[in-house]
Structure formats: C-alpha cells, structure tokens
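Input: a single structure, listed below in structure tokens.
The values are calculated or read from the model by the stated rules, or taken from the named source; none is laboratory data. Note that the coordinates shown come from a computational prediction; the quantities given were computed from them, not determined experimentally. We place every Cβ from the backbone using ideal geometry, glycine too, and count neighbours over all the protein chains shown.
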C-alpha cells in the first residue's frame, strides 16, 4: 500500500481533531495555573511508548511504571495538573521540521492517546518546558521562559535530576530562586530507584518547590509528591531548551556538559563541574 503524503496525513488528522472533545490549555494558560501554586506531571511520546509496552532510550519498559502512567493519565483529581502533547488537538505555530515530526507521530499514535485520556479532565500542555525550538513564531518565547522562572522565583528549590543533567549550570535559569539544593539520580532507568528517590524527596520539607528532570520517573514523582502535599513541577527538558534559546539556536545542538538523548553524542558529557554545583548536592542515589 502506498504511503500517504504528509499533507494527506495532516488533513486526516485535522478532520479527526474537529470531532475530539479533549480539552488542552495553551502554554500561557498552563503557566498561569503553575504560577498560582499548582503542581504538574507531564506526558510525552516517551511515556506513551512505555504505556504501549516499549522501552524508552533512557528508561527500559517496567510493568509497574506502565500501570502508574495509565492511572495518572486518566484519573480526575484536583491536586496535580496533567500535561499532554498539545499536538493531539492542533499543529499551530510549529516549524516545518517539528510539524512533519508530529504529523507522522500523531498519525501513528493519536488513537492510542485518545484511549487513555479522560474527556472530563482539562489537561495542560506538556510543552510548558518546551518553550523554544519547536515554534515557528518565537516572539513569545522570552515571555514564556520568564513565566516559567517566576514559578520558583524567591523559593527554596530542590532540583531532582539525572546524573549529568545539571539544570541551571552555566546559565541563569535558577538565579531567581532563594536557594538551590540537588538530589542526583541515575541518568538511565531511574524508575528502578523510584521508592528511594521518593522517600528522599519527602524529607526535604513541604516549604520547598521540587523541580523534576528525570524522564518518565518524574511524571510519577510529581503526581505522588503533589498528592502528599508537596509542590512538584515536572520540568523535563527545560534546561536544554533554555540553553538553545539563549544561543538563538536554529536546530538542536549538543550542550557539552549536559546529557541529552536528542542530539548526536548527547550522552557523552564533560565532567568539569563548578564547586557551587557540587556544594548544592544533598543526596546521590545510584
């Protein structure tokens, strides 16, 4: 059977979108809710892969992880926002490269998303942390990053991140916070250490805001921490996106001292680290 063209796939998807009753808030609506004290757990194509029984580049398939992701994606509750890809409803303002990627992705996966989503929930966009590279019109990117940084401005921050993620190192992303401490976790298959990570974060106190950059494990952590009364933001790839924004990058670039699966040789990082970063580490989970 002959492969459909991108335009043919797009037209099919746009017709389907007209009939969909899934509500997804845009970036500014989502960031406004987070600035009003909410927590968020985010889902992307990697989380859907795990739900469908596949492994992710830095997280092998785990049956318990799958079960938790499915539960969280469809449960109506009021303590944690749930972010999902806004391309389920629209391809607005995407670069040509990004639109092509998401048309192909949604043509393959959109029906699967709709199986697990709950039409009674108002979802946020998962792209509260993908604020730069994918957009054709980048005129609001600076405003959106400022809205994101305002969430933790003046707050005591706990960064829970994979080894070599290094959120805020070499940039001003965390400069507005009152203080920064870090919990360093495995760069790959962090869910194997889920309960140790969760118990460690519960000891930091409910007066701090927890920023989670830990792949699918962060999705579960944000939800579970919010349920326990903590403030948790699944920040995902926000540091790398900020690096690209500050550089004015036109395509995804390797950041030499930071881990990323999205660029060639992105898992290879330089290991020279500032003393300030080392002094911020309060726990290392291996």
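Looking at 174, 225, which is the one that is within 23 Å of residue 140 (Cα to Cα) and either part of a helix (DSSP H, G or I) or touching a strand residue (DSSP E or B) at 6+ places or on another chain (Cβ under 7 Å) (or both)?
Details: 225 fails: within 23 Å of residue 140 (Cα to Cα).
Exactly one of 174, 225 is within 23 Å of residue 140 (Cα to Cα) and either part of a helix (DSSP H, G or I) or touching a strand residue (DSSP E or B) at 6+ places or on another chain (Cβ under 7 Å) (or both), namely 174.
Can you give me the number of residues within the range 42-71 that are at negative phi and not in a helix (DSSP H, G or I)? Adding up the residues that qualify gives 13.
Scanning the range 5-40 for residues that are touching a residue at least 40 places away in the same chain (Cβ under 8 Å) and not in a helix (DSSP H, G or I) yields a count of 11. I want to confirm something. Restricting to the range 123-155 and keeping residues that are more than 21 Å from residue 219 (Cα to Cα) and touching a strand residue (DSSP E or B) at 6+ places or on another chain (Cβ under 9 Å), which single residue is surrounded by the fewest Cβ atoms within 10 Å (Cβ to Cβ)? Top of the filtered list is 136. Screening residue 253 on (1) on the phi < 0 side of the Ramachandran plot; (2) in a loop (DSSP other than H, G, I, E, B); (3) modelled with pLDDT of 90 or more shows it passes everything except condition (3).
So is residue 21 exposed (fewer than 15 other Cβ atoms within 10 Å of the Cβ) and closer than 18 Å to residue 127 by Cβ or not?
Details: exposed (fewer than 15 other Cβ atoms within 10 Å of the Cβ): yes; closer than 18 Å to residue 127 by Cβ: no.
No; evaluated as a whole, the condition is false for this residue.
Of everything in the range 179-199 that is under 15 Å from residue 210 (Cα atoms) and touching a residue at least 40 places away in the same chain (Cβ under 8 Å), the residue that is surrounded by the most Cβ atoms within 10 Å (Cβ to Cβ) is 185. For the range 98-108, the condition holds for no residue, the condition being that it is out of contact with any helix residue (DSSP H, G or I) (no Cβ under 9 Å at 6 or more places or on another chain) and in contact (Cβ under 8 Å) with a residue 60 or more places away in the chain.
Listed residues 135, 61; which is in contact with a helix residue (DSSP H, G or I) (Cβ under 8 Å, 6 or more places away or on another chain) and either within 30 Å of residue 5 (Cα to Cα) or touching a residue at least 24 places away in the same chain (Cβ under 8 Å) (or both)? Can you show your working first?
Working: 61 fails: either within 30 Å of residue 5 (Cα to Cα) or touching a residue at least 24 places away in the same chain (Cβ under 8 Å) (or both).
Just one listed residue meets the conditions, 135.
From the list 42, 68, the one residue that fits, being within 18 Å of the chain's Cα centre (by Cα), more than 22 Å from residue 102 (Cα to Cα) and surrounded by 14 or more Cβ atoms within 10 Å (Cβ to Cβ), is 68.
I need the full set of residues from the range 203-220 which are closer than 19 Å to residue 280 by Cβ and either more than 20 Å from the chain's Cα centre (by Cα) or not in a loop (DSSP other than H, G, I, E, B) (or both), in order please.
So the first thing to find is which residues in the range 203-220 are closer than 19 Å to residue 280 by Cβ, and the list is 203-205, 207-214, 218.
Once the filter is applied, which keeps residues that are closer than 19 Å to residue 280 by Cβ and either more than 20 Å from the chain's Cα centre (by Cα) or not in a loop (DSSP other than H, G, I, E, B) (or both), the range 203-220 yields 203, 204, 205, 207, 209, 210, 211, 212, 213, 218.
Can you name every residue in the range 228-259 that is surrounded by fewer than 23 Cβ atoms within 10 Å (Cβ to Cβ) and in contact with a strand residue (DSSP E or B) (Cβ under 7 Å, 6 or more places away or on another chain)? If the condition is that a residue be surrounded by fewer than 23 Cβ atoms within 10 Å (Cβ to Cβ) and in contact with a strand residue (DSSP E or B) (Cβ under 7 Å, 6 or more places away or on another chain), then 230, 231, 259 are the ones that fit. Taking the criterion of being under 16 Å from residue 186 (Cβ atoms) and out of contact with any strand residue (DSSP E or B) (no Cβ under 8 Å at 6 or more places or on another chain), the only residue of the range 62-72 that qualifies is 62.
Looking across the range 73-85 at every residue that is touching a strand residue (DSSP E or B) at 6+ places or on another chain (Cβ under 6 Å) and not in a loop (DSSP other than H, G, I, E, B), the one that is farthest from residue 109 (Cα to Cα) is identified as 81. The set of residues from the range 109-122 being surrounded by fewer than 17 Cβ atoms within 10 Å (Cβ to Cβ), touching a helix residue (DSSP H, G or I) at 6+ places or on another chain (Cβ under 7 Å) and not in a helix (DSSP H, G or I) comprises just one member, 118.
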